[in-house]
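Only one structure is covered here, and it is reproduced in the block below.
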Amino acid sequence: MRLAGKIAIVTGAASGFGEAIAKRFAEEGAQVIVADINDSAGEAVAASIRAASGNGRGDAHYVNANVADADSVQALIDRTLEQFGDLDIIVNNAGITHRNQPMLDVDEATFDQVYAVNVKSLFHTAQAAVPLFRKRGGGCFVNVASTAGVRPRPGLTWYNGSKGAAVITGKSMAVELAPDNIRVNTINPVMGETGLIDEFLGDNTREKIITGIPMGRLSQPLDIANAALFLASDEANFVTGACLEVDGGRCV
C-alpha cells in the first residue's frame, strides 16, 4: 500500500481525473476527502470508495468546496482535520475551461472564472495548508495543469494562459517551500476523456486531436491517477518542482 496512513484532499474529485485520483489513492491505502461543488456526484464517489474499502484500502468522505473561494477552502481544510486528524497531500485537480473559440469571443466573466478556478485556487490552498504543513514537518501538493500550459493550441488562449500560470506557480512554490519539506509537483495531461472534452474540442473532432498525439489516443483518467499516485507517494520524496507530461508524446 503506497499511501497507507496518508490523508489526502482531491479537489474536483466528483468526476474525471479527480475521481480516478481519489479512487486510486484509496486503493493504495489513503484516507481521502472528495472535494467538489457537485454534491450528488461527489457523495457517490465517496460512497463507492467506502463500499470498496477493505484489505487495507482507504476511507473517503465528501466535502462541498469551491476552490475559487478562500473561506470555502479554509473550511475544507478544517473539515479534513475534523474527519481524519491530519493532512499529508493536496491534489489541486479542480479546473475549468472556456469553449474552444477565438480569443476575442471569450467574455470577461468567463475569463475571470477560468483564472479563479485554475490559478487562484492554488493561492487559496497554499494559504490554508502551508501553515499546517510547516507545523507538522512537511506535506505534498500535486497540481494538475495541462499540456496547454507548455504547448498551447489555438482557440483556448485564456485557458492555456491559466495553465501556464499554474505550471510556473508550482515550480516557484517548490523552490520556496523545499526547506520546509513541502513538495510541489505538477502533472500536465494531454486532452482527456472527461466531462470537459466537448468544450476543449469546440468544432474540432477527436480524430483531429489524436493525430497530434504520437501514441495515438487521448489521455484516460487512470493515466493521470497513476502519475499523481507516484508524485504523492514516498517513492517521490526527492522529487519537487517537477512538471510531468502525461501526454503520449504530445509535447516532444
Helical contribution to [θ] at 222 nm, DSSP H n ≥ 4, -39,500 (n - 2.57), averaged over the chain, rounded to 500
-13500 deg cm²/dmol
State to the nearest 20 debye the size of the charge dipole of the chain about its Cα centre, where the only charges are +1 on K and R beta carbons and -1 on D and E beta carbons.
660
Using a 7 Å offset from the Cα along the Cα-to-Cβ direction at both Phe238 and Arg206, what is the distance between the two label points in nm, to one decimal?
4.2
Sort the stretch 98-252 into rounded, prolate or oblate with this rule: let a ≥ b ≥ c be the square roots of the eigenvalues of the Cα gyration tensor; rounded if a/c is under 1.5, and if a/c is not under 1.5, prolate when a/b is larger than b/c, oblate otherwise.
oblate
Note: probe point = Cα of Leu104 + 7 Å toward Cβ; backbone nitrogen < 18 Å; residues of the stretch 185-205 passing the test are none
Distance histogram in 5 Å bins (all Cα pairs of the stretch 1-102, percent per bin)
3, 15, 26, 25, 17, 7, 4, 2, 1, 0, 0
Would you please give the residues with an amide H less than 5 Å from that of Asn143, counting only those at least 5 places away or on a separate chain, with H modeled from the backbone geometry?
Asn92, Asn185, Thr186, Ile187
Where Rh is the Kirkwood radius over the Cα pairs of the stretch 27-184, the temperature 20 °C and the viscosity 1.002 mPa s, what D in µm²/s does Stokes-Einstein return?
128
Run the numbers for Asp78 and Glu199: contour at 0.36 nm per residue of separation, minus the present Cα-Cα distance, in nm.
40.2 nm
Given the options Val106, Gly58, Val142, identify the residue whose Cα lies farthest towards the positive end of the charge dipole of the stretch 7-246 (+1 on Cβ of Lys, Arg; -1 on Cβ of Asp, Glu).
Val142
If you add up the charges near Pro152, with Lys and Arg at +1 and Asp and Glu at -1, over every other residue whose beta carbon is less than 15 angstrom from its beta carbon, what do you get?
+2
I'd like the FRET efficiency for Gln113 and Ala4, computed as 1/(1 + (r/R0)^6) with the beta carbon distance as r and R0 of 45 Å, rounded to 0.05.
0.75
Pulled fully out, how much extra length does the chain show between Met215 and Asp180, if you take 0.36 nm times their separation in residues and subtract their Cα-Cα distance?
8.7 nm
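Taken together, the values in this text are just the output of simple stated rules run on the coordinates, not laboratory data. Since we're looking at a predicted model, the values are computed, not measured. Backbone-built Cβ (ideal geometry, glycine too); neighbour counts: all protein chains shown.
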